[in-house]
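The values are calculated or read from the model by the stated rules, or taken from the named source; none is laboratory data. This structure is a prediction, so every number in the text was calculated from the model and none was measured. We place every Cβ from the backbone using ideal geometry, glycine too, and count neighbours over all the protein chains shown.
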Amino acid sequence: MTERTLIPMDGSPFGEAALHYMEDFVEKLNPGEKPEITLLEVVNPRVRHVNVEGGYVDVVDRSDEIEREQAEAAAYLEKAGEILRREGAIVQSRVMVNERLSDISESILDAEKETHADLVAMSAHDRRFLARWTHHNIAEKVSRKGDVPVLMVRVREKA
């Protein structure tokens, strides 16, 4: 059994598929087993494009809006972890701001290392979707670049 699991979420029902899978998993554990689960949401700051001679520069907007988004994400993660806590898991919530404006997969990989996770559980589209959009797929990038196994909980697209 894994001891520390990272579950990246995005606030959508699609993104909660891995959470629900882990809820079912934790429910089946022996009463004495208490896995540590970190729920993660990565918040992207707003970016303004400032025109300069020969092109433009991206400038991160440092407004109060990012603080509001962080607070909303933290409240969402706390609520999302309620069932896991009731089942005996030790649940932590973590909100990261993507200050580098990099691919979200990079923030997830950073969190994987910082939390010392030994498993990342993520939602992933079904294979047809994955085959068409692999170069955009965050779960696939985390699986390829990460240091720990990634459990991809497949979510089927409606036809």
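Details
- Count - residues of region 76-113 that are over 20 Å from Glu27 (Cα atoms), in a helix (DSSP H, G or I) and in contact (Cβ under 8 Å) with a residue 24 or more places away in the chain: 9
- Candidates Val43, Val60, Val26 - the one that is surrounded by fewer than 17 Cβ atoms within 10 Å (Cβ to Cβ) and β-branched (Val, Ile, Thr): Val60
- Residue list for region 17-65, restricted to those being more than 18 Å from Ala111 (Cα to Cα) and acidic (Asp, Glu): Glu23, Asp24, Glu27, Glu33, Glu53, Asp58, Asp61, Asp64, Glu65
- Test result for Ser105, modelled with pLDDT of 90 or more and hydroxyl-bearing (Ser, Thr, Tyr): yes
- Asn51 passes every criterion in (1) over 23 Å from the mean Cα position of the chain (by Cα); (2) in a helix (DSSP H, G or I); (3) among the polar types (S, T, N, Q) apart from (2).
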